[in-house]
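Trainee: Handing you a structure now.
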Number of protein chains: 2
Amino acid sequence: MNKSLRQRAVLDVLKHGSVASQEDLQRHLRRRGFKVGQATLSRDIRDLNLSKTAHGYALPQGENGAGVALPPVSRLVREFVLDIRSAQNLLVIKTIVGSAQPVAAALDEADWPEMVGTIAGDDTILIVCPDKDQARTLASRIEEMLG
Amino acid sequence: MNKSLRQRAVLDVLKHGSVASQEDLQRHLRRRGFKVGQATLSRDIRDLNLSKTAHGYALPQGENGAGVALPPVSRLVREFVLDIRSAQNLLVIKTIVGSAQPVAAALDEADWPEMVGTIAGDDTILIVCPDKDQARTLASRIEEMLG
DNA sequence: CATTTTTATGAATATTTATTCATTATGAAT
DNA sequence: ATTCATAATGAATAAATATTCATAAAAATG
């Protein structure tokens, strides 16, 4: 039961391929590890203010990709991140199992300048920064989110 | 059986109130004199590239109100307008019965500077222009469309 | 004008989406 | 920890929408 991550994943799916139906969306999410029923997706679609066109579901009109109704990254970090370590220009983030992918996607979306890119496994995210300094800056920013 | 006018009417309905469902749209159109089945509206909606949001149907994204797939005003004039007369700063346009309203709406949408406003009955449209000169200009422009 | 082709349409139906209802999880307050 | 309230969810179902199929009108063609 994890709404925030799932809804982020929904947006992510839309930004990539096209989604013709809720059943279609369901398959895409399954591949990303979210197993949910159609009813829930119908609700997510309403929550995220998506619209359906002749060519499938689309992100909301004016708003940027990350809709207005999304829980902030900080909330995700607090909930799913267990530990952060830096090594040179790299950060290694441990999450509860299964959450690394979606949390990494959320971090990506935040689009911070200190992040060159991310790779996520099952419970580990590797973040590449331009240099040691910026890695540390980013690390402390994320640590603050942990409360 | 009149697709062009009906589709224009659909856009017009959308620009005014909000439309929650195709059945809803069907009612609005009926009030404007278009009696069609749900299947046809489903197709119109596809043709016009409308999208459905949580708050009802919406005009297509980037495009202006008058979609891209619409037959030009000239086509409507050629098909439905019978006669044009000017009197001072006014134009009186006769159409085949029942078409005055939607043709007037289409003319309105064209948003020509010589048109201050329109009133349409069943088979007659009255167009108000700023002055005699512009009335004549507009009249000849429309006359040209008649072929 | 007769014939063929294309287009538009509605009724019936298939498919998709939203909602209801019951259940389970989550969190707060004591 | 227990109770209470709130939120999330799925299964079943209702409602809405898309499509199929048949038909009729309009347009093109000979």
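The values are calculated or read from the model by the stated rules, or taken from the named source; none is laboratory data. Since the structure is predicted, the reported quantities are computational estimates derived from the model, not experimental observations. Using ideal geometry, Cβ is built from the backbone for each residue, glycine included, and neighbour counts are taken over all protein chains shown. Areas reflect the complete protein model, heavy atoms only, side chains present, ligands, DNA and RNA absent. Shrake-Rupley method; radii C 1.70, N 1.55, O 1.52, S 1.80 Å.
Trainee: Grab the strands (runs of 3 or more DSSP E) fully contained in the range A:1-114, keeping just those with 3 or more residues being within 15 Å of DNA strand C (Cβ to nearest atom) and touching a Lys or Arg at 6+ places or on another chain (Cβ under 9 Å). Step through it out loud before you land on a result.
Mentor: On the way: elements: A:51-53, A:56-58, A:81-87, A:90-95.
Filter on the range A:1-114 gives A:51-53.
Trainee: Only one residue in B:Thr118, B:Thr137 is of a type in the set (S, T, N, Q), open to solvent by less than 50 Å² (accessible area, probe 1.4 Å) and modelled with pLDDT of 80 or more, so which one is that?
Mentor: Details: B:Thr137 fails: open to solvent by less than 50 Å² (accessible area, probe 1.4 Å).
Answer to the check: B:Thr118.
Trainee: I've got another one for you. Criterion first (of a type outside the set (Asp, Glu) and modelled with pLDDT of 85 or more) does B:Gln61 satisfy it?
Mentor: Numbers: of a type outside the set (Asp, Glu): yes; modelled with pLDDT of 85 or more: no.
So B:Gln61 fails the test.
Trainee: Take the residues in the range A:121-134 that are part of a helix (DSSP H, G or I) and of a type in the set (D, E, K, R); name whichever of them is surrounded by the fewest Cβ atoms within 10 Å (Cβ to Cβ). Before the answer, list the steps.
Mentor: Residues of the range A:121-134 that are part of a helix (DSSP H, G or I), as a first pass: A:132-134.
Filter again for of a type in the set (D, E, K, R), leaving A:132-133.
Working: A:Lys132: 13, A:Asp133: 11.
That would be A:Asp133.
Trainee: Same structure, new question: In the range A:32-41, is there at least one residue being in contact with a strand residue (DSSP E or B) (Cβ under 6 Å, 6 or more places away or on another chain) and not β-branched (Val, Ile, Thr)?
Mentor: Step one: list which residues in the range A:32-41 are in contact with a strand residue (DSSP E or B) (Cβ under 6 Å, 6 or more places away or on another chain), which gives none.
No - not one qualifying residue is present in the range A:32-41.
Trainee: I need a count of the residues in the range A:4-50 that are open to solvent by 40 Å² or more (accessible area, probe 1.4 Å), within 14 Å of another protein chain (Cβ to nearest Cβ) and among the charged types (D, E, K, R).
Mentor: So the count comes out to 3.
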